[in-house]
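These notes concern the structure reproduced below.
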Amino acid sequence: MILRKKLAPSTVTGQAQLSANVASRLAERMQREELNPRETAVLDLLVKGRSNKEIADAIHLTEAAVSALRHGIVHLE
């Protein structure tokens, strides 16, 4: 008998999970302004479950730059 760990549907499909707080802040920001192209690229890869390093490699930035962009995406400025 093979036992399987029960995973959340988003884990099985590879989708990233956002907390309700982060999702709420992101929704508020998207209503008041558009994301810039770099923020959009980071968000696109983030929701695909990519790590900061994977995102940095994909769009030719440092991990610190990706981290700063992620911070800017979810925090109202």
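A short reminder: the numbers here are calculations on the coordinates, not readings from a lab. Please read all numbers here as calculations on a predicted model, not as lab measurements. Cβ atoms come from the backbone with ideal geometry, glycine included; neighbour counts cover every protein chain shown.
Modelled label-to-label distance, residue 64 and residue 34, 7 Å Cα→beta-carbon offset: nm?
Here the modelled spin labels are 3.1 nm apart.
State, to one decimal in nm, how far the label point of residue 20 lies from the label point of residue 75, with both points 7 Å from Cα in the Cβ direction.
Reported label-point gap for residue 20 and residue 75 is 2.4 nm.
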